[in-house]
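The values are calculated or read from the model by the stated rules, or taken from the named source; none is laboratory data. Nothing here was measured: the structure is a model prediction, and the numbers come from that model. Positions of Cβ are generated from backbone atoms using ideal geometry, with glycine treated the same way; all protein chains shown enter the neighbour counts.
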Amino acid sequence: LKVCGNGIVEEGEQCDCGSSENCRRNRCCMPSCTLRSKAKCDTGLCCNRKCQIQPSGTLCRARENECDLPEWCNGTSHECPEDLFVQDGTSCPGDGYCYEKRCNSHDVHC
């Protein structure tokens, strides 16, 4: 059941600011679940405070550690790309190896 005003963007909606109070404060989304004039986006790590999609190459998720990879906006989507990390088995400090985004080594565990 699709409902405009529930705070969840559903099929056919460009955005959904939720309650009327939230919509009054929202710069990007109208209570009708459509974007305001000149707005390109409402949410997402690649949507800026001016409701515009961040340029390609804008950092949206920083690298957490030596086994993680940074993610960058692509210039066309308001969403940050999937969180990626180095291949499991890649060596990391302390004679360790990366596994599921973490460096596992004897130095860390002992």
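For this structure, a couple of remarks:
- Test result for residue 102, at pLDDT below 95 and surrounded by 13 or more Cβ atoms within 10 Å (Cβ to Cβ): yes
- Scanning segment 19-35 for residues that are in a loop (DSSP other than H, G, I, E, B) and closer than 27 Å to residue 71 by Cβ returns 26, 27, 28.
- Given (1) buried (at least 17 other Cβ atoms within 10 Å of the Cβ); (2) within 30 Å of residue 105 (Cβ to Cβ); (3) out of contact with any Asp or Glu (no Cβ under 7 Å at 6 or more places or on another chain), index of the condition residue 85 fails: (3)
- Residue 46 being touching a His at 6+ places or on another chain (Cβ under 8 Å), crowded, with 16+ Cβ neighbours inside 10 Å and of a type in the set (A, V, I, L, M, F, W, C): yes
- Scanning segment 4-16 for residues that are in contact with a Lys or Arg (Cβ under 8 Å, 6 or more places away or on another chain) and buried (at least 16 other Cβ atoms within 10 Å of the Cβ) gives a single hit, 13.
- Pairs meeting the criteria (first residue in segment 1-30 and of a type in the set (A, V, I, L, M), second residue in a helix (DSSP H, G or I), beta carbons under 8 Å, at least 6 apart or on different chains) are 30/23.
- Here is the figure for segment 60-98: residues that are under 28 Å from residue 14 (Cβ atoms) and outside any loop (DSSP other than H, G, I, E, B) total 4.
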